[in-house]
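To keep things clear, I will list the structure first and then write my remarks on it.
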Amino acid sequence: WCECDMCTALDVDKEILTDRLIAYANAVAEITSKKHPDRKLVILAYGKGREDLPLREKLHPNVAVQYAFWPSSWPVWEATACQQNQRGMKLLDDWNALTGTNLTLFLYPVNTYENAEKIKLAASKGIRGFYHCGWRGDFPETTIYTSGRLIWDPEADVESMLDEIMPVIYGSAAAPYIRKYFDMHHAFVRNCVEHPEQRRLYRDNNAHRYRRLPMPHAVKALELLTRAEAAAADNELALIFVQKEKYKVLFGYINEFNAMHPTIPADLFEDYALKLAELVKLARTCREPYATYRVSFSEWLYQTTGVLDFDRKKWFNDKKIDAFL
């Protein structure tokens, strides 16, 4: 953001840059509306200093606003109406009132339920447009399916849609095991949302998934996913989807193991080694480029073990992987 005198003069409060943003958008809209009176210029209420309401400027009739669920006002992405997101909920209402319900949303889906909650919330407030920024996080396939349906019918039942789509994604034989794991995982997510200290311990906010998982949870999850894997053995595509979820659990297990046991006890080493090998195998099968935000899988593997040093860029083709496995 420019710091020259002309630009900073547009700011009413140096901590809030919304007035500057809207002044600029209004000037552009004033020019373009003469040639295109029916077009809207969309701007983002996005990030600290730009998501607060303007203190001076009024919106040009041809300027529309898209409110982003950014961490500065929505710190907990994997939930909606929780205590931590109350500031964001108020800002959403304030922007909706300011724009005369001419508001659209910029969403960051991280799980099926939270995205469904946001779409239903928006529909109840008369908000009519969405932009989904990627499909990160947990079970992206079910999130895509339920979101597509909810856009047309915000009252649609999420549980019924899950029962309908899971056999299509994971195969009819594996779907019951996946559904049990799905329910268990989301119960864990809700518990982390309710207990922020747990969330800080386990979640990786940059990668938008759980960096660590408690041992009892991981062990039970792996039992269900191993059964699902066996049930999907004859369905190549379903097997890939099962294994992508299993990869996430193994990753959380290995990280928790290292956090809890920097020196692996002798009686636990074999189980640790086997799960690490399975993680590497799945990561290679799924061609996982990154383990965490901006940290490649091969770099994470080296940092985790101190010895497994594979080709950093094309590690899944490294011959040493075969020797390790």
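The values are calculated or read from the model by the stated rules, or taken from the named source; none is laboratory data. The structure presented is a predicted model; accordingly, all values stated were derived computationally and were not measured. Note that we place each Cβ from the backbone using ideal geometry, even for glycine, and neighbour counts take in every protein chain shown. With ligands, DNA and RNA removed, areas are computed over all heavy atoms of the protein, side chains included. Shrake-Rupley method; radii C 1.70, N 1.55, O 1.52, S 1.80 Å.
General remarks:
- Pairs of lysine residues in region 1-124 - Cα separation under 17 Å, sequence separation of 8 or more or cross-chain: 5
- Rg(Cα) / (2.2 N^0.38 Å) computed for region 11-128, rounded to two decimals: 1.09
- Region 24-104 - percent of accessible surface contributed by carbon and sulfur, probe 1.4 Å: 59 percent
- Between helix 236-260 and the chain there is an angle of about 90 degrees, using the helix long axis and the longest principal axis of the Cα atoms.
- Among MET260, MET215, MET166, the residue with the largest mean-square fluctuation in a Gaussian network model of the chain, with springs joining Cα atoms closer than 10 Å, is MET260.
- A 1.4 Å probe run over the protein chains yields, for the chain, 51 Å² of accessible area per residue, whole-number rounding.
- Size of electric dipole in the chain: Cβ of Lys, Arg +1 and of Asp, Glu -1, about Cα centre, debye, nearest 20: 620 debye
- The length gained by stretching the chain between ARG287 and MET184 to full extension, at 0.36 nm per residue less their Cα-Cα distance, is 34.4 nm.
- Taking every C-alpha pair closer than 8 Å and separated by at least 6 residues, the mean separation divided by the residue count of region 171-325 gives a relative contact order of 20 percent.
- Fraction of beta bridges assigned by DSSP in the chain that are antiparallel (%, nearest 5): 30 percent
- Secondary structure note: in region 1-121, about 10% of the DSSP beta bridges are antiparallel.
- Between LYS90 and VAL219, the distance separating the two model label sites (each 7 Å from Cα on the Cα→Cβ line) works out to 4.6 nm.
- Note on region 40-192: with charges restricted to the Cβ of Lys and Arg (+1) and Asp and Glu (-1), its dipole about the Cα centre is near 600 debye.
- Among VAL65, VAL76, VAL168, residue whose mean-square fluctuation peaks in a GNM of the chain (springs only between Cα atoms under 10 Å): VAL168
- Counted residue by residue at 0.36 nm each, then reduced by the alpha carbon distance between them, the extension gain from ALA230 to LYS313 reaches 26.7 nm.
- Separation in nanometres of the label points that stand 7 Å from Cα toward Cβ, at LYS14 and TYR272: 5.1 nm
- Once the Cα atoms are used to define both axes, helix 175-194 deviates from the longest principal axis of the chain by about 60 degrees.
- Inter-label distance, nm, simple model (7 Å from Cα along the C-beta direction), SER72/ARG200: 2.2 nm
- A rounded overall shape is assigned to region 184-325, the ratio a/c of its alpha-carbon gyration tensor axes (a ≥ b ≥ c) being less than 1.5.
- Computed over the chain, Kirkwood Rh from alpha-carbon pairs, angstrom: 22.3 Å
- Multiplying the residue separation of LEU325 and CYS4 by 0.36 nm and removing their Cα-Cα distance gives an extension gain of 109.7 nm.
- DSSP-assigned coil residues among trypsin sites (Lys or Arg not before Pro) in region 253-324, each with at most 14 further Cβ atoms within 10 Å: ARG287, ARG294, ARG312, LYS313, LYS314
- Candidates ASP163, ASP309, ASP267: whichever shows maximal mean-square fluctuation once the chain is modelled as a Gaussian network with Cα springs under 10 Å: ASP267
- Cα centroid separation, region 290-325 to region 188-227 (Å): 23 Å
- Per-residue Karplus couplings for region 146-158, computed as 6.51 cos²θ - 1.76 cosθ + 1.60 with θ equal to phi - 60°, are listed in order as 5, 5, x, 6, 5, 4, 7, 9, x, 8, 4, 7, 5 Hz, Gly and Pro entered as x.
- Partnerless cysteines in the chain, where a partner means another cysteine C-beta under 4.7 angstrom, comprise CYS4, CYS82, CYS133, CYS192, CYS286.
- Between 0 and 90 degrees, the angle of helix 266-285 with respect to the longest Cα principal axis of the chain falls at about 60 degrees.
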